[in-house]
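Participant: Just passing along the structure, written as structure tokens.
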Amino acid sequence: MLRVAVEKNAAVHGREEGARLEALRRYEILDTPPDGAFDQITAVAAAFFRVPIAIVSLVDHDRIWFKSRMGLDAREVEREPGLCSSAILSSDLYRVHDAAIDPRTLANPLVTGELGLRFYAAAPLRTHDGFNLGTLCVSDREPRELTATEAEMLTRLASLVMDQMELRLAARKVAELERAQQELNEKLRDANRALGESEEAFRDLFEEAPFPYVYEGTDSRLIRVNRAGLTTLGIRPDEVATTYGQSLVADTPENKRVMREAFETVSRGEEAKDIVLELRRKDDGKPVWVQWRSKPAAGRGYTRTMLVDITARVLLEREQARLQAQNAYLYEEILTDYNFGAVIGESPALQKVMEQTRLVAATDASVLIHGESGTGKELIARAIHEQSTRKSRVLIKVNCSAIPDSLFESEFFGHVRGAFTGAIKDKPGRFELADGGTLFLDEIGEIPLAMQAKLLRVLQEQEVERVGDTTTRKVDVRIIAATNRDLRIEAEEGRFRQDLYYRLSVFPISLPPLRERLEDIPLLATSFARKSAKQMGRPTPQITRATMEALAAYDWPGNIRELQNAVERAVIVSRGGPLQFELPKPQPRPAPVAPIPASSPPPALLTREELKRQERDNVVRALKQADGKIFGPGGAAELLGMKPTTLASRIRALGLSGERSGEE
């Protein structure tokens, strides 16, 4: 009995797989050329998830074919042992947080082999009738978790992929219907010509014609309707004499206008043709769209009317328009929700920055973005990348302040297996991951001097050498760096290499602090309030004029990030009324340091260990002054003029976790 049950299940699965493959064939997408719409979706997926690999896959009977791929050279792979062949069996997201310990993937050569996948997440490409044709998947060579927000994003992007496939299928069907309609119109013209020569001789042709044909009085009362006409209009033979054609026309202003003009044409003895009308069937009231052509019979008091049923074409065109609108909406929603390219402001200072961004984006020149913490340096870097010729490739971000000194070289250039303790397999560095795209080096001033020389060599030679390896690898990477330090002064004082500074600052961009673009505060505050309210499922709150003036009067030492946090707090505590803000009193800015007299001896140079000890003492004092708080107004990050996330990383690197009392 067990064998019978197994054979029965196998037979059921075989039938379902056959139906799935048949559905896949309907879309006629396999082995088609690359398509920019699909490539744009995989680029968005790779950028959002910060992964090197993003793929649109379609699972055929013996292979997995990639419609779009980023980070992978192959156009297709065998169906087994492909992870996508397992993912399409899932009704929901299929995720593998760490393939090295997941029982489903322990023996998979994609995990154990040269590719070395550790993280894999896929959303199925599901048709309206429930068949999973393939996946939109993202992969990484490092294990990681998938948050609820990321899962929703992956599902949305998979919906965009499916919408693109549906759009192309609908377009082919419309083209087929138009060809069929053209052939039918030719037959109609031939038939009409024949009927005009002798109605009596072609009576049988009238009745058996494959298209609706109607004799209609000048008052629109039906005189005679052939079989096809009775079927299309939902009329019984005994209802013909009591039915008026105008009663079947849908009661819309557009239909009424079209019919009025058509009857005026016919009343002048002229032929009204190629008129599109929406009708209502007499029996059930369902809509029918027809192409209407009517010619008066000279001196006989009636018209000969031919109808072509174009309902299928109209519905397909409407579905196509709906899918296009949905596609545009989903993509706009993704861009809005996740701030891709959202640079807000109209101030002259910001417009100058955006003009610089547009100028340099079209080149491959290195860009150095300087600005205080919270001014949006990463957003400008993304804007440059999205407007460049590299926008279809990935942008890789590196927070230089969060990398321990001992791991800088491995993180930047990669390592081979056995290069050091814990190097259990080959790992590409950030330069290799960004090959063909853009590498964003945030907090570039935090790179140790010893590492700066190696970084300079890579920028000059455009080639990397993994730790423990002797093979050089060519890379094509555009560099965008960002800092809140004045690197020119740092270079003059010996804390930053001058040659690296000049290599990075081919095109410097200075971001103004928020206090120098006060006219942008209303736009920013309104945008942040709308976004926060949408995320919380609340109506967009109002911000009064007096409140806006108070916001503009505040100094905003934390810049845009502080404003965004303040707006989000105000939305959380609001109860339906206008937003209220509790702004801290502005901290007095430190007085400028008096210049050292010319006769004073130059300050002694500090070693790296002395600098780290000095930094550690400074962070400890800031934490004590802020009662251990890092984030928010009055926090240690604000006191030090640093990003809260950067300070948290430095605290871990300096071993100061015990000094913190909370991250409020």
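The values are calculated or read from the model by the stated rules, or taken from the named source; none is laboratory data. This one's a predicted model, so the numbers in the text were calculated from it and none came from an experiment. Neighbour counts run over all protein chains shown; Cβ positions are idealised from the backbone, glycine included. We work out accessible area using only protein heavy atoms, side chains counted, and drop any ligands, DNA or RNA first. Shrake-Rupley method; radii C 1.70, N 1.55, O 1.52, S 1.80 Å.
Participant: Inspect all residues belonging to region 57-66 and state whether any of them is closer than 20 Å to Leu433 by Cβ, open to solvent by 40 Å² or more (accessible area, probe 1.4 Å), over 20 Å from the mean Cα position of the chain (by Cα) and not polar (S, T, N, Q).
Facilitator: no
Participant: Here's a check for you: in region 502-527, which residue that is open to solvent by less than 20 Å² (accessible area, probe 1.4 Å) and of a type in the set (A, V, I, L, M, F, W, C) is farthest from Ser347 (Cα to Cα)?
Facilitator: Leu504
Conditions tested, residue by residue: (1) among the aliphatic types (A, V, I, L, M); (2) open to solvent by less than 20 Å² (accessible area, probe 1.4 Å); (3) at pLDDT 70 or above.
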site: Arg293; (1), (2), (3): no, no, yes
site: Ala297; (1), (2), (3): yes, yes, yes
site: Glu317; (1), (2), (3): no, no, yes
site: Gln326; (1), (2), (3): no, no, no
site: Tyr331; (1), (2), (3): no, no, no
site: Phe340; (1), (2), (3): no, no, no
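Participant: Take the residues of region 3-45 that are small (Gly, Ala, Ser) and loosely packed, with under 12 Cβ neighbours inside 10 Å: which is modelled with the lowest pLDDT?
Facilitator: It comes out as Ala5.
Participant: Could you list, in sequence order, the residues of region 342-370 that are under 14 Å from His385 (Cβ atoms), modelled with pLDDT of 85 or more, in a loop (DSSP other than H, G, I, E, B) and open to solvent by less than 50 Å² (accessible area, probe 1.4 Å)?
Facilitator: Of everything in region 342-370, those that are under 14 Å from His385 (Cβ atoms), modelled with pLDDT of 85 or more, in a loop (DSSP other than H, G, I, E, B) and open to solvent by less than 50 Å² (accessible area, probe 1.4 Å) turn out to be Ala365, Ser366.
Participant: Going through Asp435, Asp476, Asp499 one at a time, which residue ends up being open to solvent by 10 Å² or more (accessible area, probe 1.4 Å), farther than 23 Å from Leu647 by Cβ, acidic (Asp, Glu) and in a helix (DSSP H, G or I)?
Facilitator: Residue meeting the stated conditions: Asp499.
Participant: Does region 399-419 include one or more residues that are of a type in the set (S, T, N, Q) and open to solvent by 60 Å² or more (accessible area, probe 1.4 Å)?
Facilitator: Yes, region 399-419 has at least one match.
Participant: Do you know which residues across region 479-496 are part of a helix (DSSP H, G or I), open to solvent by 10 Å² or more (accessible area, probe 1.4 Å) and either in contact with a strand residue (DSSP E or B) (Cβ under 9 Å, 6 or more places away or on another chain) or in contact (Cβ under 8 Å) with a residue 12 or more places away in the chain (or both)?
Facilitator: Arg488, Glu490
Participant: Exactly one of (1) of a type in the set (Asp, Glu); (2) buried (at least 16 other Cβ atoms within 10 Å of the Cβ); (3) part of a helix (DSSP H, G or I) is unmet by Glu239. Its number?
Facilitator: (2)
Participant: Checking Ile101 against (1) modelled with pLDDT of 90 or more; (2) closer than 15 Å to Leu58 by Cα; (3) in a loop (DSSP other than H, G, I, E, B), only one condition comes out false. Which one?
Facilitator: Every listed condition holds for Ile101 apart from (2).
Participant: Every residue in region 246-258 that is of a type outside the set (Val, Ile, Thr) and open to solvent by 20 Å² or more (accessible area, probe 1.4 Å), please.
Facilitator: Selection gives Gln246, Ser247, Asp251, Pro253, Glu254, Lys256, Arg257.
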